[in-house]
Amino acid sequence: MSSTIEMLNSGRHALRAHPAMLDAFIMKLSIAARVPAMMFRDLMLSDVHDLAAIHTISKLVQISEGLAKDVLKEYETYKHEVARIIFVPTHTYTSLSILTE
């Protein structure tokens, strides 16, 4: 069974092997957007495998709370890029929102 969760975990494994894939994109962001992007990167690269735990951690960290609208837009674009990099189909991107908001 190939679920979004399995694709996400497989993609996270690939990211852990090649974190530079995300770093190059992060460097293209504004300085203000890099902070939440790095927090999200660290979460994606973490050893936490339980998606419920990832969701809880992201709620505690509150990655996007208080971001200016333009920074939030950049951050959302970054999350879409992460989804693309880890091969999560665009129409299932909303499932990634459980990780961060």
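Among the residues of the range 21-38, are any over 20 Å from Tyr75 (Cβ atoms), modelled with pLDDT under 85 and not hydroxyl-bearing (Ser, Thr, Tyr)?
Within the range 21-38, not a single residue is over 20 Å from Tyr75 (Cβ atoms), modelled with pLDDT under 85 and not hydroxyl-bearing (Ser, Thr, Tyr).
The conditions are (1) open to solvent by less than 70 Å² (accessible area, probe 1.4 Å); (2) out of contact with any helix residue (DSSP H, G or I) (no Cβ under 9 Å at 6 or more places or on another chain), and His18 fails exactly one of them. Which is it?
(1)
Among the residues of the range 21-42, which ones are in contact with a Leu (Cβ under 7 Å, 6 or more places away or on another chain) and open to solvent by 70 Å² or more (accessible area, probe 1.4 Å)?
Across the range 21-42, the qualifying residue is only Met21.
Taking the range 43-79 on its own, how many of its residues are modelled with pLDDT of 85 or more and open to solvent by 70 Å² or more (accessible area, probe 1.4 Å)?
Final tally of qualifying residues: 5.
If Val88 satisfies all but one of (1) more than 11 Å from the chain's Cα centre (by Cα); (2) modelled with pLDDT of 70 or more; (3) buried (at least 16 other Cβ atoms within 10 Å of the Cβ), what's the number of the condition it fails?
(2)
Quick one: is Ile5 open to solvent by less than 50 Å² (accessible area, probe 1.4 Å) and modelled with pLDDT under 85?
Details: open to solvent by less than 50 Å² (accessible area, probe 1.4 Å): no; modelled with pLDDT under 85: yes.
No: the conditions fail for Ile5.
Please enumerate the residues belonging to the range 19-46 that are of a type in the set (Ser, Thr, Tyr) and under 14 Å from the mean Cα position of the chain (by Cα).
Ser46, the sole residue that qualifies.
Can you pull out every residue in the range 21-45 that is assigned to a helix (DSSP H, G or I) and either farther than 16 Å from Arg84 by Cβ or among the polar types (S, T, N, Q) (or both)?
Residues satisfying the conditions are Ile31, Ala32, Ala33, Arg34, Val35, Pro36, Met38, Met39, Asp42, Leu43, Leu45.
The values are calculated or read from the model by the stated rules, or taken from the named source; none is laboratory data. Here the structure is a predicted model, which means the values were calculated and not measured. When we count neighbours, we look across all protein chains shown, and the Cβ atoms used for this are built from the backbone with ideal geometry, even at glycine. Only protein heavy atoms, including side chains, enter the accessible area calculation; ligands, DNA and RNA are left aside. Shrake-Rupley method; radii C 1.70, N 1.55, O 1.52, S 1.80 Å.
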